[in-house]
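Contents: one structure, followed by commentary.
Rule-based calculations on the coordinates, nothing more; no lab input. All values derive from a computational prediction rather than experimental measurement. With ideal geometry, Cβ positions are generated from the backbone for all residues, glycine too; neighbour counts draw on all protein chains shown.
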Amino acid sequence: MSLEFIKVDKQYEEHIALIQLNRPKELNALNLQLMGEIRDTLKELDSDDSVRAIIITGNEKAFAAGADIKQMAGKTAIDMLNIDQFSTWDQIKKTKKPLIAAVSGFALGGGCELCMHCDMIVASETAKFGQPEIKIGVMPGAGGTQRLTKAIGKVKAMEMVLTGKFISAEEAQGAGLINKVVPVDVYLSEAVKLAKEVASMSPVAVKLAKEAVLESFNTSLDEGLVLERKNFYLLFAGEDQKEGMQAFIEKRKPNFKGK
Ligand code: DAK
C-alpha cells in the first residue's frame with residue numbers, strides 16, 4: 001500500500017504500531033485520501049498478530065484541524081452521499097485492537113472525532129479540542145454530537161457544538177474527554193507507555209474487554225451484561241486465562257500469547 005498522507009511504523013516499539021498523520025502544512029486536515037489510508041492501515045494492523053496496540057498521532061502543532069474544508073466546500077448533498085465517507089469512519093470504528101490517540105495542538109472537528117474513535121487519549125498541555133463546524137455553517141458529522149455528549153455531558157457538549165469554542169487539554173481532562181495531560185515533549189512517549197501497558201496484557205482479553213466497554217454505548221445495561229458474561233466465559237477457553245492465573249499463583253509475570 002503506498003501512503004501519501006500518513007506515516008506508518010508497524011513495530012514502533014515491540015507490539016506497538018504508530019500511525020502519524022502527515023499533512024503538516026494543512027494542519028493534518030483530513031482529506032478523503034488520508035482517511036482512506038487510515039482506514040486501510042487500521043484494517044491491516046488489526047489482523048496482524050504482532051501488533052497489540054495502535055497509536056494515532058499528528059505533530060506538535062496539530063493532531064488534525066478537521067476534515068479538509070477546501071475539499072468539502074463545493075460538494076452537493078448528492079456528492080456527499082456518493083462519496084459515502086461514513087463507510088470509512090464505520091470501518092475505523094470496527095478496529096478491535098486498542099487505539100490510543102497521542103494529541104498535541106489542534107484536535108478539531110473530524111480531528112476531535114477521530115480522537116473520540118480511539119479508546120484512550122493522551123494529550124500535551126498545548127492540545128485544544130473543539131467541534132467548530134457550526135462556524136462554517138454545518139455541524140459535526142462523524143459522531144461528535146453523540147460521542148462528545150456521552151464523554152462530557154449535555155451542557156458542555158452543547159456549548160462546544162453550538163458555539164464552536166475550543167477547550168484546553170486541562171479542561172478536556174477535567175470533563176472526562178481525555179485520560180492524561182503531559183508536557184509537550186513527552187506526549188508521544190507517554191502514549192507509548194500506556195500502549196505498552198495494554199500490550200503486556202492478554203490480547204484476547206483486551207479485545208473482548210474493549211468490545212464489551214464499547215457495547216455499553218449501544219445497549220441497555222442488561223443487554224450489555226449478557227455480552228460481558230459471554231466474553232468472560234469465552235476467556236476461560238483460552239490459554240491466556242490459564243497462564244495469567246497460574247502466573248499469579250507462582251508469583252511471576254505472565255507470558256500472554258493471545259491464545
Ligand atoms: N481544512 C483545510 N485546510 C485547513 C484546515 C481544514 N480543516 N485547517 C487548517 N487548514 C489550512 C489553512 O487553510 C492554512 O492553509 P494555507 O492558507 O496556508 O494554504 C493552513 O492549514 C494553516 O492554517 P491557518 O493559517 O488557519 O493556521 P492558524 O494557526 O492561524 O489557525 C486553526 C489554526 C486550526 C484555528 C484554523 O486553521 C482553523 O480554524 N481551521 C479550521 C478548523 C475547522 O473548522 N475544523 C472543522 C472542519 S469541518 C464527515 C466526517 C467528518 C466531518 C464531516 C463529515 N462525514 C463522515 C460525512 C468533519 C468536518 C469538519 O471537521
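Computed values, structure above
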item: Cα-centred dipole magnitude for the chain, charges only on beta-carbon of K, R (+1) and D, E (-1), debye, nearest 20; result: 240 debye
item: Under 16 Å from the Cα of Lys7 - aspartates and glutamates, other chains or at least 8 residues apart; result: Glu26, Glu37, Asp40, Glu44, Glu60
item: Alpha-carbon radius of gyration plus Dmax, which is the widest Cα pair, for the stretch 72-215 in Å; result: 16.0, 48
item: Sparse-neighbourhood loop sites, chymotrypsin sites (Phe, Trp or Tyr not before Pro) in the stretch 166-226 - DSSP loop, at most 13 other Cβ within 10 angstrom; result: Phe217
item: Against the rule of thumb 2.2 N^0.38 Å, how large the Cα Rg of the chain comes out; result: 1.04
item: Angle between the chain longest axis and helix 154-163 axis [Cα atoms, degrees, rounded to 10]; result: 30 degrees
item: Where the Cα pairs of the stretch 1-133 fall when distances are cut into 5 Å bins, in %; result: 2, 11, 21, 24, 21, 12, 6, 2, 0, 0
item: Above-threshold pairs, the threshold being 20 Å between Cα atoms, out of Lys150/Lys193; Lys156/Lys193; Lys96/Lys259; Lys61/Lys207; Lys61/Lys96; Lys135/Lys180; result: Lys150/Lys193; Lys156/Lys193; Lys61/Lys207; Lys61/Lys96; Lys135/Lys180
item: The stretch 116-252 - percent relative contact order, Cα under 8 Å, separation 6 or more; result: 25 percent
item: Protection-proxy order for peptides 90-100, 73-83, 226-236, each taking the mean of Cβ atoms within 10 Å per residue, highest first; result: 90-100, 226-236, 73-83
item: All aspartates and glutamates inside 19 Å of Lys253 as judged from Cα atoms, apart from same-chain residues fewer than 8 positions distant; result: Glu14, Glu197, Glu239, Asp240, Glu243
